[in-house]
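Student: Following this message is one structure expressed as structure tokens.
The values are calculated or read from the model by the stated rules, or taken from the named source; none is laboratory data. These numbers were taken from a predicted model, which means no experiment stands behind them. A quick note on method: Cβ atoms are made from the backbone with ideal geometry, for glycine too, and the neighbour counts reach across all protein chains shown.
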Amino acid sequence: MLCKLAWGNVRRAGRDYLVYLLTLTLGVTVFYAFNTISMQVDIAGIDEEGLAQVMGSMLGDLTYFLAGVMAFLMVYANNFIMKRRKKEFGLYQVLGMGRGRVATIMALETVIVSVVAFVAGIVLGVGLSQLMTFFTASLFKTQIANFHFFFSMHAFNLTLACMLVMFVLTLLLNLRAVRRTKLIELMGAERRNESIKTRNPWIAIAIFAVGAVLVGVAYYRLLRDGFPLTATDSKLQEAMNQFGITTAMVTVGTFALFWGLSGMLIKLLQSLRGVYWRGLNMFTVRQLAAKVNTVCFSMGVIAMLLFLAITSVTCGMSIANVMNENLERYNPVDVSQTYVYYTPETLDYYKEYVNPSEADRMVLADATVDLYAAWHGERKSADNNDETGKKVNIADVAGEHVQIDSYLSYTLGGSDPSVTAGEMCKAMGEKLPKALEASNADDMGLFVTPASQYNKLRQMMGEEPVSIGRDQYLLTCDMGGELGDLYTKYMAGGHTLSLGGHELKPATDRSDEDTAAIANSAMGSNPGTVVVADELLSQLNLQPYSSSLLVNYKQGMDTTEADESIKYTLLDDLLVDGKKPGSWGTFITRSEMYTQAAQMNGLISYLAIYIGFVLVVACAAILSIQQLSNVADGSRSYRVLAQIGCDDRQIRHSVMAQQAVFFLFPLAVGLAHSFVALKVIIELVSIFGNMSIGGTVGLTCAIFLAAYGGYFLVTYLMSAGMVQAAIATRYSE
Amino acid sequence: MQTTHMATPVLEVAHLEKVYGALGNVTRALNDVSFTVNRGEFVGIMGASGSGKSTLLNCVSTIDSATSGTIRINGQDVTRMKQAKLSQFRREELGFIFQDSNLLDTLTARENIALPLTIARTNSAEISTRVQDVAARLSISQVLDKYPYQMSGGQQQRVAAARALVTDPTMIMADEPTGALDSKSARLLLESLEALNRRLRATVLMVTHDSFAASYTSRVLFIRDGKIFTELRRGDTDRREFFDRIMEVVAMMGGEGSDAL
């Protein structure tokens, strides 16, 4: 009997329940699909173990976050439905049904809706996850070798558990609502002339102003201080605290803005008498004010969520873009091998922490070594076990090659670099680039490299050599962006450099950043190098820092085969007079960098898009529910308006205006926050090159806005329908 | 003086029928109803619940459509009007007072009263003077800046009356205006309506099942089972006497003593 009643209720209150059902279904779909990502990665043919691990741990954390967002959404939708059903539950009690049975009916209703939503959500989720596999494959630039239908039990269980928790949660909330509420309140839930939460408009304006000031100051602080990431360890705690204050300010400020919004709107429009007392403007503003007061908190939450979504998507994708764009420049040769020398600053560290057992064999490096001759070793392990232990020599694969030696700008045994970016800035009266400012990246100073090696690399890359005289220098840097600009400006300004007592003049006014790499890398290998004439360098007796061997494979050699044949090689110790002047550094093939970058790019884009999309959809759904419930609450008002002679068009415009404010205001605030945050992020990242926000980012944002706008449109159309229905109802039956 | 106005009909209802439901299950809410209201008249329509009086008012006020027959207000047949024209017509010719005052919760009294004027795009200076005028006439000047929930039921109902009057409508439609009021507030409202009718020549059509309320009118139409049963003119009798005559008719209509008072 109770089941029948509950089922009937769900069917009858279909429209109200539809919103709840859709929200739940959406939640389940997204949640399930999200948790199948690791399976999608499998099927998409991405078999990198590292990547799977990174993804796994990131997804774990994000699942909690997602569950939180979903829980908020569902509790919200549930409150919406409870508000609508109060009167009916009151009626049952008036008719003599005990509270226990009323509660049972309600629980049954929740069960029915939840089960339907769960089943529909899982079905849609399974469908969505198959589709997403293709999306995943395209983001990670792989081909799907054998696509097959898949169902993730893991994701299913997780979703089920999550739903159960939320179900119990909403049920408890509802039961409490029924138990706590007095019968008279249940019955009068729709009563006329309900009291409106009004706020003293002057206080509201003051709060709005405080909010605006807080947000403004927070913007200023962020633009001035940047993110705490750039701080050195000693200043990190301090920077983190400051950043915390800024974050708190912008959060409090945002909520204050929304709290004061209604009072602000009213006073502003009332001061424009001609506008306020015209058409339905007054009604629109008052309606808005009344509603904004009750939902200002959720509007604040939405603004912050939109801010997160926009920032994470734009930022993630832009960084991925920058990395991809510069990949060619960062990886000039097929393979590179670095050797790092022991310097006065690092030797003790190596002896004590890195390799204490060999401490007595380590010595300070006083000269560079020939890496081409030293690059040989034993094959450690490979897919083909037969080859383990096989002797490998770089000469087997190397075609053209060059060694680039990097020295520090002080003499052997010294410690203070004579050429630093900081000094250059001082000489030019410029500010140090943001990313260098608070970090210790500049302590080491610039590297010094002989011109012959630099020119040989240029030749290998098909470029003309640059002639550098004995009293000349050239600054190179492959990172582009702000650092590159700094060096170019220094040379163009004709500034001299002092190195070991020699005053050097710029050989030319700019250098080619495409030939500036000193090894293959993911994000640039040369933060700044002074190229000087060989004979000058040999006189200076500088401290060696590192050497890199840059190798192109022999003509006609297959890159993949060549890569395979020298990968996994355990290099023999490089000994000079029985001692080690340094240790082998990174071995990087170009193809490996390209694969990694594609995967990294995919990963970042994927997560950014996914998180962004979930947040945007969640926000839009909340707004949509709010607006529909507003319209349902206000249906009597619309009927009155129609009766006193207001035509439908005017009423629809009013509805449109109200909803536009609700949808656009949080978006505007979120965009403003993002704009400032992105400005700082771009400055930070610009050390790696110019971050451009366009292309894919633009497209993604356009998709998001379309989703958001779509929700807005659907909400408006549904509202217009509800208003039309309300008007058409005869007022006294 | 009254006689000159009596000559101009404001509302002419002829052979009005309203049928609800479909084949086999038809309710005839109004059955061949005809009557005329002249300018400056205060007409009451009385009847028990379900007699069709509210349907009649809904049809006349263009909120509901008639099945057949004609309704002419100021010479215009409202049964043939298009939807858009109807809004304009309601705005310009009619004023409404409902049983529950139907004020908008989010607006102050002043804004509620001004609403019909702003919808008609009257300029703001004129809105302000007209609102103050009508508020003074209904003695609600002191509540103009309050919200509906801050006012008493009587005040709300008078604000609603002010909203109906502010546009100087051809006819005021009142649907059980005292239905939700205590007796003192009801009397105050009825006296206001009577005064409006006497002093400003406002034409009022009031639906009620309360004989006391009906006794304030100048003429009462009794309606039963969708038909006009009889009509009663006040003439020169005083209100007490008119009330007694109304009670007699109510008693004669039978079985409704409890319902009609």
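Student: Please find, within the stretch A:450-459, the residue that is nearest to A:S498 (Cα to Cα) out of those that are within 38 Å of the chain's Cα centre (by Cα) and buried (at least 21 other Cβ atoms within 10 Å of the Cβ).
Tutor: Checked the stretch A:450-459; the qualifying residue nearest to A:S498 (Cα to Cα) is A:Y454.
Student: Let me ask another. With respect to B:A29, determine if the residue is of a type in the set (A, V, I, L, M), within 14 Å of another protein chain (Cβ to nearest Cβ) and more than 17 Å from the chain's Cα centre (by Cα).
Tutor: yes
Student: For the stretch A:626-673, name all the residues that are among the β-branched types (V, I, T), within 12 Å of another protein chain (Cβ to nearest Cβ) and either under 15 Å from A:A725 (Cβ atoms) or assigned to a helix (DSSP H, G or I) (or both).
Tutor: The answer is A:V640, A:I651.
Student: How many residues does the stretch A:462-480 contain that are buried (at least 23 other Cβ atoms within 10 Å of the Cβ) and within 20 Å of A:M523 (Cα to Cα)?
Tutor: Qualifying residue count for the region: 5.
Student: Criterion first (under 20 Å from B:R187 (Cβ atoms), in contact with a Gly (Cβ under 8 Å, 6 or more places away or on another chain) and more than 10 Å from chain A (Cβ to nearest Cβ)) does B:L165 satisfy it?
Tutor: For B:L165, the condition - under 20 Å from B:R187 (Cβ atoms), in contact with a Gly (Cβ under 8 Å, 6 or more places away or on another chain) and more than 10 Å from chain A (Cβ to nearest Cβ) - is met.
Student: Tell me the residue from A:V252, A:V217, A:V275, A:V292 that is among the hydrophobic types (A, V, I, L, M, F, W, C), within 14 Å of chain B (Cβ to nearest Cβ), more than 22 Å from the chain's Cα centre (by Cα) and surrounded by fewer than 18 Cβ atoms within 10 Å (Cβ to Cβ), please.
Tutor: A:V275
Student: Do the conditions hold for A:L457, that is, is it closer than 22 Å to A:E325 by Cα and in contact with a strand residue (DSSP E or B) (Cβ under 6 Å, 6 or more places away or on another chain)?
Tutor: So A:L457 fits the description; yes.
Student: Another question, if that's okay. Before we move on, is B:R91 in contact with a helix residue (DSSP H, G or I) (Cβ under 8 Å, 6 or more places away or on another chain) and either at pLDDT below 85 or of a type in the set (D, E, K, R) (or both)?
Tutor: It is true that B:R91 is in contact with a helix residue (DSSP H, G or I) (Cβ under 8 Å, 6 or more places away or on another chain) and either at pLDDT below 85 or of a type in the set (D, E, K, R) (or both).
Student: Just one of (1) modelled with pLDDT of 85 or more; (2) in a loop (DSSP other than H, G, I, E, B) trips up B:G255, so point out which.
Tutor: Condition not satisfied by B:G255: (1).
Student: Would you kindly identify the strands (runs of 3 or more DSSP E) lying entirely within the stretch A:504-579 that contain at least 3 residues that are touching a Phe, Trp or Tyr at 6+ places or on another chain (Cβ under 7 Å) and surrounded by 22 or more Cβ atoms within 10 Å (Cβ to Cβ)?
Tutor: A:529-532, A:542-553
Student: Another one. For the condition within 11 Å of chain A (Cβ to nearest Cβ) and either at pLDDT below 85 or out of contact with any Phe, Trp or Tyr (no Cβ under 9 Å at 6 or more places or on another chain) (or both), what is the one hit in B:L107, B:L86, B:L144, B:L117?
Tutor: That would be B:L86, the only listed residue that is within 11 Å of chain A (Cβ to nearest Cβ) and either at pLDDT below 85 or out of contact with any Phe, Trp or Tyr (no Cβ under 9 Å at 6 or more places or on another chain) (or both).
Student: Moving on. Does B:N112 fit the bill of being more than 8 Å from chain A (Cβ to nearest Cβ) and under 18 Å from B:P9 (Cβ atoms)?
Tutor: no
Student: Then there's this: Taking the conditions exactly as written (surrounded by 24 or more Cβ atoms within 10 Å (Cβ to Cβ) and farther than 20 Å from B:A213 by Cβ), does B:P177 satisfy them or not?
Tutor: no
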